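Asker: Shown below is the structure under consideration.
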Amino acid sequence: MLKVEGLTVRADGVELVHDVSFSLAPGERVGLIGESGSGKSLTALSLMGLLPEGVTATGRARLGGDDLLGVPESRLKGLRGSRMSMVFQEPMTALNPLMRVGAQVAEVMTLHGRPRGEARERAVELLDRVRLPEPARLARAYPHQLSGGQRQRVMLAIALANGPGLLICDEPTTALDVTVQKQMLDLISEVAPALLFITHDLAVVASMCERVLVMYGGRVVESGPLREVFTRPRHRYTQGLLAASRLTPRGTRLPVIEGSVPAAGHFPGGCVFRNRCPHATPTCETEPQLTEPQLTDPAPGDPAPGDPAPGDPAPGEPTPGEPTPTGDRHAFACWHPAE
Amino acid sequence: MTPPNPGPAGAAAPYLVKRVAVLLASTAVAAVAVFAFMALLPGDPAEIALGVNATPEAVAELRRQFGTDRPPAVRFLDWFGGLLQGDFGTSYVTSAPIGPQIADRLGVTVVLVAGGMAVALALAVPLGTFAAVHHRNPLGAAISAVSQIGIAVPAFLAGILLVFVFAVRAQALPSGGYVPLADGPGEWLRHLLMPWLSLGLVQGAVLTRYVRSAVLDVMREDYLRTARAKGRGSTGALWRHGLRNASIPVVTVLGLQLATLLIGAVVVERVFVLPGLGDLLLSGVAGRDLLLVQGVVMVLVAAVLLINFVVDVAYHLLDPRLR
Amino acid sequence: MTGRKARWMTRWTTGGRPGDRPGEQPGEGRGDLPDDRPGRRPGRPGGRLNAGLLAGGALVGLVALAAVASFFWTPHDPTLVDAAQRLREPGGGYLLGADKFGRDTFSQLMVGARTTLYVGVVAVGIAAVLGAPLGVIAGMTPRGWLSELIMRVNDLVFAFPALLLAVMLGAVYGPGTLTAMIAIGVATVPAFARVARAATLQVMVTDYILAARAAGRRRPAIAVRHVLPNIASVLIVQASVSFAIAILAEAALSFLGFGTRPPIPSWGRMLQESQELLFSTPRLALWPGLAIALAVLGFNLLGDGLRDFLDPRLRRIRAEG
């Protein structure tokens, strides 16, 4: 349903997201994880066509039969809010402070052709559906009269109003109280159609998603089914991330990742993680590709993908027997993968 | 999770009562200040009126006539009580009642200020919004630069420049003077056009920068992104969700500007020889007619306070967060 | 006045963003943290050591230069009435010509710069010396009766614009440079007090002030050691902006005859004297008008430029990942 190929995002000549590809089937739930600064929000915003001024996206992205990148705003705005929706990180500022909540929910429906009266009625139904108490009364409230959790539910109601096929959630619970987070997550997983869920919280991803993409330095460094990636991380970054969140299999506690995420445009060439990676070698100065090794039956004698023989394949040359990586199967971009 | 209390929409009433009380109180305090300054500090009006050679008896008699022999508190209450009924007292110099003079002149000043504000708004809102939306391209930057220069020109200088262009060179408009509306709207308009422009162009330049800044701020707000995520284009989002939000800070500035315009009008009236309050004030000073000056100053200060009041109330109506 | 409105007014009387300052590191020099990461600057309007700051500094410097030079030398005596040079055209030692009394326009402009700066310095000085401490006191004890009193009085003074104060003072004591300076200064106090209060409120909640208070430092010591240095940049910017406003006010007052008295040259009065000759000798209005506009422009640009320069946390592109 959603297919992204070679998505690259630039600002002022700096690449913030580099060559990201993945796809999403109808009803599928995919997590996009990484530290802040890894480019995950920009990836989502570029799909919605909501990048900040001066930031541009190239590549290919299709939702059903419609292109999302490189098309004029007029084409895109017909899709936004109807076939794909987004819930943002900061509920406190995402609603117009001068407009009643119900009107803000109704707006997204009138914009896509529903008559005003009907939209107002349905707005109340939607507020009820996201489990807001006394929806009819709450529809007349202004955003500042609602708590953060309630505002985020309103945002979710807006996102669901036109029955979109794809819901993008960008850290929807990060700004909320811990007690409210769980309720919000349960609600999202209950109502979401296909879901692209962005977070830095691995535990949240584990409870919400079937598949994950791990981003670092604007690249997808590892992807695959949640269970495989989380139980057997191959990329050293994923490994560190999991170690830091103590979700590793017992007995294999690993040190927390050294250093901090560099500023945009200041990632090293080659493997973007190599300046923080304890396993980095000169090989890592060439860029590793996201590849899907044939884990099922590796041919004996074949070089492991992360272990090229000296003077062996030029960087970027695919390792044997792998299809175009789409994130469906376990894939990673590392010269020295963990076993 | 407790349900919020949206509250009735008409909750502004207690606020309004409170704000009116503040307005009245601050007007009264301002009156005390003006009175203390103008009526207590300078010399004795009776002595001034009679000159240095007057007999003490004559001075005492005139003092009794003026009422300045009474204690200051009584004189203040008398004056302030009169003000509340529109009676500004009688001039010590010309023996003419002051209230009617002020009433005569007030109309001209109000027309001048209103027209200036209209020019400023008509200029600033479209230009400021345009400059904000196009802040990355040269035309937007050019608007900012021109407005920066406009701010540096005082209204009376703008007036002189306009006179030079339209009266001296083009000879299209009169260089000054005033024709009442009753004597013909065409002439009335011709005489007011340049005063309006000289007030409005300068304040418009100032306002343009504020409008630009307010719109720029709003353009960065998350709710505008939400509106676009709903399927609005960026222009549509700005119209529907941005402008009202941007108008809140602009209203504050409008209040400040109205006060500035009122004072600027005093100077512009002098440039264009318009018979407004400023002209009355200055002629009062020139004739050492202190009670007249006191009255006009009080009217102008009260007007500034009233403008502040209107701004506060407008603010309250615009922003539900304050209710 | 409501909090939100006060916030906006503060912001727009200083022109600054309340959330952006003051600097939070006590030890670090303020304003020395320009973001000069490569690859971030192209295409961004207004760099750090920006064109506005330089242009404003140059214009202000020019005015100051003319003022200082006028103490030592002017082409002619600016007050010398010389019937032979009446309305003399520019040239022959009279660079910009002479006015209806035969006084050299260029010399008058030079000494006028002196008047302008003199009035500005004293007026802004009065406003800063009165306004800043009041604002700091009000900001350090936001709930006390003293703070309330200060801000109420402040609001009251705000209702008396400089021109009204000057006219009142002039009516009572006679017009002159001194009354003009006092009137402009007093009328500018509220702006300083508001700005200082808003900045102080922000500084007071920072960790190092809390630490200083926890350590038992007394309020005056905190004010001098911690608050003032941290709001200094805000006050400097406000001073520059107020200076521009003071120049405008002085010009307007002199134009009305409530400012500097003859024969001391003043740009505002030069304009007033030129008005009747606008039909015959418009250049007499041109030069003082230009001088006023350039001086005001200079201080405005300087204020804006200083704000950008002193404020390391300017808006950035939101590029969070």
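The values are calculated or read from the model by the stated rules, or taken from the named source; none is laboratory data. Predicted, not measured: the structure shown is a model, and the values here were computed from it. Neighbour counts run over all protein chains shown; Cβ positions are idealised from the backbone, glycine included. Remember, those area values only see protein heavy atoms, side chains included, never the ligands or the DNA or RNA. Shrake-Rupley method; radii C 1.70, N 1.55, O 1.52, S 1.80 Å.
Asker: For the range A:128-138, enumerate the residues that are at the interface with chain B (Cβ under 9 Å from one of its Cβ atoms) and open to solvent by 20 Å² or more (accessible area, probe 1.4 Å).
Answerer: Here is the first cut: in the range A:128-138, the ones at the interface with chain B (Cβ under 9 Å from one of its Cβ atoms) are A:131-134, A:137-138.
Scanning the range A:128-138 gives A:Arg131, A:Pro133, A:Glu134, A:Arg137.
Asker: Is it fair to say B:Tyr178 is at negative phi, more than 14 Å from chain A (Cβ to nearest Cβ), buried (at least 21 other Cβ atoms within 10 Å of the Cβ) and in a loop (DSSP other than H, G, I, E, B)? Give the derivation first.
Answerer: Details: at negative phi: yes; more than 14 Å from chain A (Cβ to nearest Cβ): yes; buried (at least 21 other Cβ atoms within 10 Å of the Cβ): yes; in a loop (DSSP other than H, G, I, E, B): yes.
For B:Tyr178, the condition - at negative phi, more than 14 Å from chain A (Cβ to nearest Cβ), buried (at least 21 other Cβ atoms within 10 Å of the Cβ) and in a loop (DSSP other than H, G, I, E, B) - is met.
Asker: Does any residue of the range C:58-65 turn out to be small (Gly, Ala, Ser), touching a helix residue (DSSP H, G or I) at 6+ places or on another chain (Cβ under 9 Å) and open to solvent by less than 30 Å² (accessible area, probe 1.4 Å)?
Answerer: no
This table checks each residue for (1) in contact with a Lys or Arg (Cβ under 8 Å, 6 or more places away or on another chain); (2) open to solvent by 60 Å² or more (accessible area, probe 1.4 Å); (3) of a type in the set (Gly, Ala, Ser); (4) within 21 Å of B:Pro275 (Cβ to Cβ).
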position	(1), (2), (3), (4)
B:His134	no, yes, no, no
B:Ile149	no, yes, no, no
B:Pro154	no, no, no, no
B:Gly159	no, no, yes, yes
B:Ala170	no, yes, yes, no
B:Leu173	yes, no, no, yes
B:Glu187	no, yes, no, yes
B:Leu192	no, no, no, yes
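Asker: Determine which member of the set B:Ile263, B:Ile307 is within 10 Å of the chain's Cα centre (by Cα) and free of Cβ contacts under 8 Å to residues at least 40 places away in the same chain. Don't jump to the end; show me each part of the working.
Answerer: Values: B:Ile307 fails: free of Cβ contacts under 8 Å to residues at least 40 places away in the same chain.
Every option except B:Ile263 fails the conditions.
Asker: Which one is most open to solvent (accessible area, probe 1.4 Å) among residues in the range A:59-89 that are in a strand (DSSP E or B) and charged (D, E, K, R)?
Answerer: Of all residues in the range A:59-89, those in a strand (DSSP E or B) come to A:59-63, A:66-67, A:80, A:84-87.
Filter again for charged (D, E, K, R), leaving A:60, A:62, A:66-67, A:80.
Working: A:Arg60: 114, A:Arg62: 72, A:Asp66: 47, A:Asp67: 48, A:Arg80: 0 Å².
Result: A:Arg60.
Asker: I would also like to ask the following. So which helices (runs of 4 or more DSSP H) stay within the range B:186-284 end to end and still have 3 or more residues that are within 30 Å of C:Glu276 (Cβ to Cβ)? Quick ask: steps written out before the conclusion?
Answerer: On the way: elements: B:222-229, B:234-237, B:243-272.
Those helices (runs of 4 or more DSSP H) span B:243-272.
Asker: Search the range A:4-58 for residues being among the basic types (Lys, Arg) and touching a residue at least 60 places away in the same chain (Cβ under 8 Å), and hand back the single one that is least open to solvent (accessible area, probe 1.4 Å). Quick ask: steps written out before the conclusion?
Answerer: Quick first cut of the range A:4-58, residues among the basic types (Lys, Arg) only: A:10, A:29, A:40.
Right, trim to touching a residue at least 60 places away in the same chain (Cβ under 8 Å) and you get A:29, A:40.
Working: A:Arg29: 41, A:Lys40: 1 Å².
Among those residues, the one meeting the criterion is A:Lys40.
Asker: Among the residues of the range A:128-139, which ones are in a loop (DSSP other than H, G, I, E, B) and touching a residue at least 60 places away in the same chain (Cβ under 8 Å)? Working first, answer last.
Answerer: First, the residues of the range A:128-139 that are in a loop (DSSP other than H, G, I, E, B): A:130-134, A:139.
The answer is A:Val130, and nothing else.
Asker: Show the residue pairs meeting these rules: Cβ distance below 6 Å; 6+ apart or different chains; first residue within the range C:198-212 and touching a residue at least 60 places away in the same chain (Cβ under 8 Å) and under 17 Å from C:Pro142 (Cβ atoms); second residue among the β-branched types (Val, Ile, Thr) and surrounded by fewer than 19 Cβ atoms within 10 Å (Cβ to Cβ).
Answerer: So the pair list comes out empty.
Asker: Which one of these does C:Pro78 not meet: (1) within 15 Å of C:Glu273 (Cα to Cα); (2) more than 27 Å from the chain's Cα centre (by Cα); (3) touching a residue at least 24 places away in the same chain (Cβ under 8 Å); (4) open to solvent by less than 30 Å² (accessible area, probe 1.4 Å)?
Answerer: (2)
Asker: Please go through the range A:140-153 and pick out each residue that is touching a residue at least 60 places away in the same chain (Cβ under 8 Å) and open to solvent by less than 10 Å² (accessible area, probe 1.4 Å). First the steps, then the outcome.
Answerer: Taking the range A:140-153 as the starting set, the residues that turn out to be touching a residue at least 60 places away in the same chain (Cβ under 8 Å) are A:151-152.
If the condition is that a residue be touching a residue at least 60 places away in the same chain (Cβ under 8 Å) and open to solvent by less than 10 Å² (accessible area, probe 1.4 Å), then A:Gln152 is the only one that fits.
Asker: If you take the residues in the range C:251-290 that are more than 10 Å from every other protein chain (Cβ to nearest Cβ) and in a helix (DSSP H, G or I), which one is farthest from C:Tyr173 (Cα to Cα)?
Answerer: Here is the first cut: in the range C:251-290, the residues more than 10 Å from every other protein chain (Cβ to nearest Cβ) are C:254, C:259-266, C:269-270, C:273, C:276-277, C:281, C:283-284, C:287.
Next cut, in a helix (DSSP H, G or I) only: C:254, C:269-270, C:273, C:283-284, C:287.
Details: C:Ser254: 16, C:Arg269: 20, C:Met270: 23, C:Glu273: 24, C:Arg283: 34, C:Leu284: 31, C:Trp287: 31 Å.
My answer is C:Arg283.
Asker: Out of the residues in the range A:90-127 that are closer than 26 Å to B:Arg323 by Cβ, open to solvent by 50 Å² or more (accessible area, probe 1.4 Å) and not in a helix (DSSP H, G or I), which is nearest to the other protein chains (Cβ to nearest Cβ)?
Answerer: A:Glu90
Asker: Another question, if that's okay. Run down C:Ala212, C:Ala138, C:Ala171 and say which single residue is of a type outside the set (Ser, Thr, Tyr), over 19 Å from C:Leu248 (Cβ atoms), within 11 Å of chain B (Cβ to nearest Cβ) and touching a Lys or Arg at 6+ places or on another chain (Cβ under 8 Å).
Answerer: Numbers: C:Ala212 fails: within 11 Å of chain B (Cβ to nearest Cβ); C:Ala138 fails: within 11 Å of chain B (Cβ to nearest Cβ).
None of the other options fit; the residue is C:Ala171.
Asker: Do we find a residue being more than 30 Å from A:Glu287 (Cα to Cα) and small (Gly, Ala, Ser) anywhere in the range A:39-62?
Answerer: no
Asker: Tell me, yes or no, whether the range B:68-75 has at least one residue that is part of a helix (DSSP H, G or I) and in contact (Cβ under 8 Å) with a residue 60 or more places away in the chain. Write out each step before concluding.
Answerer: If we filter the range B:68-75 for residues that are part of a helix (DSSP H, G or I), which is where we start, we get B:72-75.
Subsequent filtering for residues that are in contact (Cβ under 8 Å) with a residue 60 or more places away in the chain retains none.
No, there is no match, as no residue in the range B:68-75 is part of a helix (DSSP H, G or I) and in contact (Cβ under 8 Å) with a residue 60 or more places away in the chain.
Asker: Take C:Leu235 and tell me if it is surrounded by fewer than 23 Cβ atoms within 10 Å (Cβ to Cβ), at pLDDT 85 or above, under 16 Å from the mean Cα position of the chain (by Cα) and facing another protein chain (nearest Cβ under 9 Å). Even if it seems obvious, please write down each step before you answer.
Answerer: On the way: surrounded by fewer than 23 Cβ atoms within 10 Å (Cβ to Cβ): yes; at pLDDT 85 or above: yes; under 16 Å from the mean Cα position of the chain (by Cα): yes; facing another protein chain (nearest Cβ under 9 Å): no.
Criteria not met by C:Leu235.
Asker: State all residues of the range A:4-34 that are among the charged types (D, E, K, R), away from chain C (no Cβ under 13 Å) and part of a strand (DSSP E or B); if no residue qualifies, say none.
Answerer: Filtering the range A:4-34 down to residues among the charged types (D, E, K, R) leaves A:5, A:10, A:12, A:15, A:19, A:28-29.
Subsequent filtering for residues that are away from chain C (no Cβ under 13 Å) retains A:5, A:19, A:28-29.
Within the range A:4-34, A:Glu5, A:Asp19, A:Arg29 qualify.
Conditions (1) in contact with a Leu (Cβ under 8 Å, 6 or more places away or on another chain); (2) away from chain A (no Cβ under 11 Å); (3) at pLDDT below 85, marked per residue:
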site: B:Asp222; (1), (2), (3): no, no, no
site: B:Thr226; (1), (2), (3): yes, no, no
site: B:Leu280; (1), (2), (3): yes, yes, no
site: B:Met298; (1), (2), (3): yes, yes, no
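Asker: Here's something else I'd like to know. Quick check on A:Leu111: is it at pLDDT 90 or above, farther than 29 Å from A:Arg329 by Cα and not polar (S, T, N, Q)? First the steps, then the outcome.
Answerer: Numbers: at pLDDT 90 or above: yes; farther than 29 Å from A:Arg329 by Cα: yes; not polar (S, T, N, Q): yes.
Taking the combined requirement at face value, the residue satisfies it.
Listed here are the residues, each with its yes/no results for (1) touching a Gly at 6+ places or on another chain (Cβ under 7 Å); (2) within 30 Å of C:Ala293 (Cβ to Cβ).
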{"residue": "B:Leu199", "(1), (2)": "yes, yes"}
{"residue": "B:Ala205", "(1), (2)": "yes, yes"}
{"residue": "B:Thr208", "(1), (2)": "yes, yes"}
{"residue": "B:Val215", "(1), (2)": "yes, yes"}
{"residue": "B:Val218", "(1), (2)": "yes, no"}
{"residue": "B:Leu224", "(1), (2)": "yes, no"}
{"residue": "B:Ala229", "(1), (2)": "yes, no"}
{"residue": "B:Ser234", "(1), (2)": "no, no"}
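Asker: Which of the residues spanning the range C:116-127 are within 18 Å of C:Trp267 (Cβ to Cβ) and either out of contact with any Ser or Thr (no Cβ under 6 Å at 6 or more places or on another chain) or open to solvent by less than 10 Å² (accessible area, probe 1.4 Å) (or both)?
Answerer: Taking the range C:116-127 as the starting set, the residues that turn out to be within 18 Å of C:Trp267 (Cβ to Cβ) are C:116-124.
Hits for the range C:116-127 are C:Thr116, C:Leu117, C:Tyr118, C:Val119, C:Gly120, C:Val121, C:Val122, C:Ala123.
To keep it simple, each residue is scored yes or no on (1) open to solvent by less than 10 Å² (accessible area, probe 1.4 Å); (2) in a loop (DSSP other than H, G, I, E, B).
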{"position": "C:Glu148", "(1), (2)": "no, no"}
{"position": "C:Val157", "(1), (2)": "no, no"}
{"position": "C:Leu165", "(1), (2)": "no, no"}
{"position": "C:Leu169", "(1), (2)": "no, no"}
{"position": "C:Pro175", "(1), (2)": "no, yes"}
{"position": "C:Ala191", "(1), (2)": "no, no"}
{"position": "C:Val195", "(1), (2)": "yes, no"}
{"position": "C:Leu210", "(1), (2)": "no, no"}
{"position": "C:Arg213", "(1), (2)": "no, no"}
